[in-house]
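The values are calculated or read from the model by the stated rules, or taken from the named source; none is laboratory data. Being a predicted model, the structure only gives us computed values, none of them experimental. Counting neighbours? That spans all protein chains shown, and the Cβs are built from the backbone with ideal geometry, glycine included.
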């Protein structure tokens, strides 16, 4: 299950200043809120109970009680140090609103350019081939300079999809910066963490697969990444059968 802080990151585009005020109070009194009533939290955070209920629903909870119980379970899980299920967490991270918005952009885009480097090349090729199944023209170029040349010919009517497990690849971030200057819509696909790439993205799609290395080799679990990409493709294919 996603933690409270992870839900904040996932749904941050929904949140307003009042939500941030309540969240700040909850984070500062994380243990105490599990023993507080909604009226007490509202009074301490200078808001009203209905606003807290709305916040809970924005964060994907059924309501205040669900949010409070989830925080309690989270505290207990932390004490037991229970490892997370990366595939289950990836499923919880998928935001269908963003998936639908990305597909709308794909549908309208004159050109779609996909880019990633290193181990992400495999993911880029998989995604491009999947969209081509239903004759959606997508482009992927292995060489950075070719990609930059193609990007320079793109306009705000096009779309750039960037894949980076860490979200910190300098080459990918450089491309995002160039696209931002040209007002080209950007979709980032990264591991669920605060990273540099998401700061450039108009839409952020997440999987949960923390980078892992063994004896200088990348052993990051690819299953959650492919799960997200497959979900994107299957949702797109549904409308093009």
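Quick one: would you say residue 15 is outside the structural domain of residue 234 (by TED's automatic domain parsing) and under 30 Å from residue 135 (Cα atoms)? Taking the combined requirement at face value, the residue does not satisfy it. Number of residues in segment 209-222 that are touching a strand residue (DSSP E or B) at 6+ places or on another chain (Cβ under 9 Å) and either closer than 12 Å to residue 166 by Cα or surrounded by 12 or more Cβ atoms within 10 Å (Cβ to Cβ) (or both): the value is 5. Report yes if residue 190 is part of a loop (DSSP other than H, G, I, E, B), assigned by TED's automatic domain parsing to the domain that holds residue 119 and either surrounded by 20 or more Cβ atoms within 10 Å (Cβ to Cβ) or touching a strand residue (DSSP E or B) at 6+ places or on another chain (Cβ under 9 Å) (or both), otherwise no. It is false that residue 190 is part of a loop (DSSP other than H, G, I, E, B), assigned by TED's automatic domain parsing to the domain that holds residue 119 and either surrounded by 20 or more Cβ atoms within 10 Å (Cβ to Cβ) or touching a strand residue (DSSP E or B) at 6+ places or on another chain (Cβ under 9 Å) (or both). When the residues of segment 14-41 are filtered to those that are assigned to a helix (DSSP H, G or I) and touching a residue at least 40 places away in the same chain (Cβ under 8 Å), the one that is nearest to residue 95 (Cα to Cα) is 14.
Quick check on residue 199: is it at positive phi and surrounded by fewer than 18 Cβ atoms within 10 Å (Cβ to Cβ)? Here the answer is no, as residue 199 does not meet what is asked.
Based on this model, can you work out whether residue 115 counts as farther than 16 Å from residue 236 by Cα and either under 22 Å from the mean Cα position of the chain (by Cα) or surrounded by 14 or more Cβ atoms within 10 Å (Cβ to Cβ) (or both)? Yes; evaluated as a whole, the condition is true for this residue. When the helices (runs of 4 or more DSSP H) confined to segment 53-167 are screened for residues that are touching a strand residue (DSSP E or B) at 6+ places or on another chain (Cβ under 6 Å) and modelled with pLDDT of 95 or more, those reaching at least 1 such residues are found at 120-132, 144-152. Scanning segment 176-187 for residues that are under 12 Å from residue 162 (Cα atoms) and either part of a strand (DSSP E or B) or out of contact with any strand residue (DSSP E or B) (no Cβ under 8 Å at 6 or more places or on another chain) (or both) turns up 177, 186, 187. Given the condition surrounded by fewer than 13 Cβ atoms within 10 Å (Cβ to Cβ) and in the same structural domain as residue 200 (by TED's automatic domain parsing), answer yes or no: does some residue in segment 160-170 qualify? For segment 160-170, residues surrounded by fewer than 13 Cβ atoms within 10 Å (Cβ to Cβ) and in the same structural domain as residue 200 (by TED's automatic domain parsing): present. Among the residues of segment 4-35, the ones that are buried (at least 16 other Cβ atoms within 10 Å of the Cβ) and closer than 13 Å to residue 69 by Cα come to 3 in all.
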